[in-house]
1. How would you rank A:51-57, B:105-111, B:41-47, B:66-72, highest first, on the average number of other Cβ atoms within 10 Å across their residues?
2. Sorted from fewest to most neighbouring beta carbons within 10 Å, what does the list A:Asp84, A:Asp31, A:Asp17, A:Asp92 look like?
3. Tell me the chymotrypsin sites (Phe, Trp or Tyr not before Pro) within the range A:8-79 that lie in a loop according to DSSP and have at most 16 other beta-carbon atoms within 10 Å.
4. Evaluate E = 1/(1 + (r/R0)^6) for B:Thr20 and A:Ser26, where r is the Cβ-Cβ distance and R0 equals 35 Å; express this FRET efficiency to the nearest 0.05.
5. Would you mind computing, in nm to one decimal, how far apart the modelled labels at B:Leu39 and A:Asn98 are, each placed 7 Å from Cα along Cα→Cβ?
6. Could you work out how far the C-alpha centroid of the range B:1-80 sits from that of the range A:29-69, in angstrom?
7. Taking chain B as a Gaussian network, Cα atoms linked when under 10 Å apart, which of B:Val60, B:Val88, B:Val19 shows the biggest mean-square fluctuation?
8. Over the whole of B:29-41, what's the average partner chain Cβ count within 10 Å per residue? Rounded to a whole number, please.
Amino acid sequence: GESVGLHLPTLSVQEGDNSIINCAYSNSASDYFIWYKQESGKGPQFIIDIRSNMDKRQGQRVTVLLNKTVKHLSLQIAATQPGDSAVYFCSDLSGGSNYKLTFGKGTLLTVNP
Amino acid sequence: DAGITQSPRYKITETGRQVTLMCHQTWSHSYMFWYRQDLGHGLRLIYYSAAADITDKGEVPDGYVVSRSKTENFPLTLESATRSQTSVYFCATTTGNYGYTFGSGTRLTVV
């Protein structure tokens with residue numbers, strides 16, 4: 001079946017640096033994508049989303065880029081802070097899927113002080 | 001408090017026992033979901049519900065039963081627990097306008 005996957009399982013950055021987390025998806029019908037942050041012992045928390053009619057969306061310190069040609073999205077975190085340390089998941093949704101999200105396996109981001 | 005709550009937070013049960021995980025939401029959202037999270041697999045959908053009395057299987061439904069007699073509750077039952085069902089279980093809900101909210105999870109250990 002089709003799935004959402006991540007290029008790297010772990011990412012370690014220095015505090016203050018920018019972080020980039022990548023994700024590949026395979027469902028060409030996916031039209032909505034969400035990035036989640038999951039801290040230890042907690043449920044996934046919404047970070048930012050993007051629809052397939054957009055290439056880029058910015059939030060507070062976070063930017064999501066979508067490249068539909070190569071089915072790739074990325075999450076950029078500016079000025080990474082220790083509180084950003086968590087597992088980050090990308091997820092996708094296609095119209096008619098009854099709102100069932102498909103998740104990637106996650107990337108563990110570690111921010112070193 | 002408004003939100004989505006799961007209970008219990010932690011559960012240890014023996015192989016073969018029946019166990020029910022509870023999920024309650026205060027918003028009356030139509031859609032509710034149960035996911036399990038295992039190392040190396042990410043989040044996998046077990047069951048979902050589009051409305052009261054409407055449920056359907058997800059990716060990994062075997063060994064699980066759900067019900068949705070009321071919009072706000074979506075319990076997940078393991079009919080005869082197995083060690084392979086040791087996992088962290090998350091309930092989620094959405095308005096249907098793509099805003100998803102997850103519960104804090106139930107960590108289940110089957111011994």
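1. Peptide ranking by packing, descending: B:41-47, B:105-111, B:66-72, A:51-57.
2. So the residues, fewest neighbours to most, are A:Asp17, A:Asp31, A:Asp84, A:Asp92.
3. none
4. Details: r = 35 Å, r/R0 = 1.00.
Efficiency at R0 = 35 Å is approximately 0.50.
5. 3.2 nm
6. 25 Å
7. For chain B, modelled as a Gaussian network with Cα springs under 10 Å, the answer is B:Val60.
8. Numbers: counts 0, 1, 3, 0, 4, 0, 4, 0, 7, 0, 2, 3, 3.
For peptide B:29-41, the averaged partner shielding equals 2.
Only the coordinates and a few stated rules stand behind these numbers; no lab work does. Keep in mind that what you see is a predicted model, and the values were worked out from it rather than measured. Every residue, glycine among them, receives a Cβ derived from its backbone with ideal geometry; neighbour counts consider all protein chains shown.
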